[in-house]
């Protein structure tokens, strides 16, 4: 029998663009043979952290959301791609192929303010009973439109206030921008700006604070997307010497996993100045893997890029969670980088396999 869970109620929804107009609108190309088959319009990276402020009676989360409206806008000026949109690439010549690209057009991210009709300890008990459904109430995501993606946000932030104090900060990010979130200092810079704003306030309420009478009048039940509910908890691997950046690097990781028989989608970040992009490869369950030159130089690492606890100022950190919306298929997210400042290849793989 399915457990009945309470639902989050949305009290406010804002669009947050960069505070400065992006002068050089960079474009990130997306290379994929079958965009619909790869599920790139629905795949997400989801992060949620929980906090409790001493003496908080339930209003702290609303204040945090108010300061976040400004801190987000400032931090997006350095990473405008997060505030951009996905679009179908235009042909410039008859030889050009159809494709997708993300453009930094300053359309903004979505900031959602919500409340959950239970206390934070009660919510944690719900997480123990049904983690997927409960934590889906703390993050907001609307699937990108497959036909015309130009108006679909690629990044959402949800601040959820719990009864009797405590709140959560949830992030849902398109998998196409996940490397920006995990491989840059975006979260750290955002946390620094947010903390600075909170400690420099001369008045009680931030400029974009949502008053209590407005929260009551505009409550709407949160509808959880299947892309958030169908989850695979990620685990990280580093490969320091592999030069192929292919799924064969993960072969031994899948060796003893029943779920490895499902199709796996490999997302690889392609570097090269302004030509940065993402290549998506689809590997079937019956595919034969070739040899790989990484040998045994593959190690698991614990860091999954969870939200910096400093984003909540001096509030007590109560826990965090990170997962990938896998849409019932396996996913490998590969990011090439450098190791130790030298020229050796370093491949970072974030792996999320579907639940049984």
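Brief remarks follow.
- Candidate set: the range 104-117, residues that are assigned to a strand (DSSP E or B) and within 18 Å of the chain's Cα centre (by Cα); chosen: the one surrounded by the most Cβ atoms within 10 Å (Cβ to Cβ): 113
- Test: residue in the range 154-163 that is surrounded by fewer than 23 Cβ atoms within 10 Å (Cβ to Cβ) and outside any strand (DSSP E or B): no
- Considering each residue of the range 19-38 in turn, at least one proves to be within 24 Å of residue 148 (Cα to Cα), assigned to a helix (DSSP H, G or I) and under 18 Å from the mean Cα position of the chain (by Cα).
- One residue stands out among those in the range 209-235 that are in a loop (DSSP other than H, G, I, E, B) and out of contact with any strand residue (DSSP E or B) (no Cβ under 7 Å at 6 or more places or on another chain): the one that is modelled with the lowest pLDDT, which is 211.
- Cross-chain or 6+ apart pairs with Cβ under 8 Å, the range 192-209 first and on the phi < 0 side of the Ramachandran plot and surrounded by 11 or more Cβ atoms within 10 Å (Cβ to Cβ), then assigned to a loop (DSSP other than H, G, I, E, B) and at pLDDT below 80: 194/313; 195/313; 197/206; 198/313
- Selection from the range 125-141 of residues that are touching a helix residue (DSSP H, G or I) at 6+ places or on another chain (Cβ under 9 Å) and either buried (at least 16 other Cβ atoms within 10 Å of the Cβ) or assigned to a loop (DSSP other than H, G, I, E, B) (or both): 126, 127, 133, 134, 135, 136, 137, 138, 139, 140, 141
- Flag if residue 147 is in a helix (DSSP H, G or I) and surrounded by fewer than 24 Cβ atoms within 10 Å (Cβ to Cβ): no
- Residues located in the range 166-187, provided they are modelled with pLDDT under 90 and either outside any loop (DSSP other than H, G, I, E, B) or in contact with a helix residue (DSSP H, G or I) (Cβ under 7 Å, 6 or more places away or on another chain) (or both): 175, 176, 177, 178, 179, 180, 181, 182, 183, 186, 187
- Yes/no for residue 23 being loosely packed, with under 15 Cβ neighbours inside 10 Å and free of Cβ contacts under 8 Å to residues at least 40 places away in the same chain: yes
The values are calculated or read from the model by the stated rules, or taken from the named source; none is laboratory data. This structure is a prediction, so every number in the text was calculated from the model and none was measured. FYI the Cβ positions are ideal-geometry reconstructions off the backbone, even for glycines, and counts take in every protein chain you see.
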